[in-house]
Number of protein chains: 2
Amino acid sequence: MVAMERYFEDFGVGQTFGSGRLRVDTERCKTFAAEFDPQPFHLDEAAAQMSLFKGLAASGWHTAAVAMRLLVSGGLPFANGIIGLGGELSWPRPTRSDDILRVESEIVEITPSRSKPHQGIVTIRSTMFNQNREAVYLLTAKLLVFRRPI
Amino acid sequence: MVAMERYFEDFGVGQTFGSGRLRVDTERCKTFAAEFDPQPFHLDEAAAQMSLFKGLAASGWHTAAVAMRLLVSGGLPFANGIIGLGGELSWPRPTRSDDILRVESEIVEITPSRSKPHQGIVTIRSTMFNQNREAVYLLTAKLLVFRRPI
């Protein structure tokens, strides 16, 4: 894996990357929500059926965290790690328990730093799909990336 | 609390809301990162000292999840819950263990739905501060909000 890890000068606009897969567990959806997003439609099947979601939905922040796990675990081969400065995100549809998720990413912009010659910003556009190839999460993120050490 | 919960027609641009406070725990930073963002600067003090962060930093997604907890637990008095469609976020500086965090939010835009008369979009701009009143997280989010049931 190390041989595939890339530095700033190795990236180009249009390069694409795919992650592994992760299955979302019902109990983990509920415990994540209990800690960070305790709303009825994330905690209780009956309440969720009565809600806008028409069934238990993972917290959007759980969805975002799972996407990060997929990116860190091989989804983006950045040698210095994935250091996000910020970005835009959306949840076009809910993540359901037992969904099997996968992230596909594309580099959409590369900007060398003006003041720091050893680093730059790589903007990636990532989409996380469920097992039916429906997008559940879109993230466009600006990542800090370093040049290869001399 | 119920009496203070608000519906779409109760909101106006410029209204502000403050959350309670939450302290970030070192061990929870590490277990969150181990599950969702297993990078050395989130897991190990010595590795973090050698990194860009110059010390253990919470995962940005842990930071985002803590902000959601503060919003759900009184930080935004939305009667139908906090249902995010998407937004923009950034992390202007790291969240450190033992930071005590608080969110302040302002309504920046209100858009009635054209097709669904009982709902609309409320855009909020939230800032999460640490105990030194330094911003660690900025979120501008579009939230789905319902009118009061008749």
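Things worth noting here:
- Conditions (1) modelled with pLDDT under 95; (2) out of contact with any Phe, Trp or Tyr (no Cβ under 7 Å at 6 or more places or on another chain); number of the one not met by B:Arg96: (1)
- In region B:33-62, the residues that are away from chain A (no Cβ under 11 Å) form Cβ pairs under 7 Å with partners that are of a type in the set (Val, Ile, Thr) and in a loop (DSSP other than H, G, I, E, B), at six or more places apart or across chains, as follows: B:Ala58/B:Val24; B:Ala58/B:Thr95.
- Flag if B:Gly18 is exposed (fewer than 15 other Cβ atoms within 10 Å of the Cβ), more than 18 Å from the chain's Cα centre (by Cα) and of a type outside the set (Val, Ile, Thr): no
- Members of region A:22-37 that are in a strand (DSSP E or B) and surrounded by 13 or more Cβ atoms within 10 Å (Cβ to Cβ): A:Leu22
The values are calculated or read from the model by the stated rules, or taken from the named source; none is laboratory data. It should be emphasised that the depicted structure is a prediction, and the values quoted were computed from it without experimental measurement. Note that we place each Cβ from the backbone using ideal geometry, even for glycine, and neighbour counts take in every protein chain shown.
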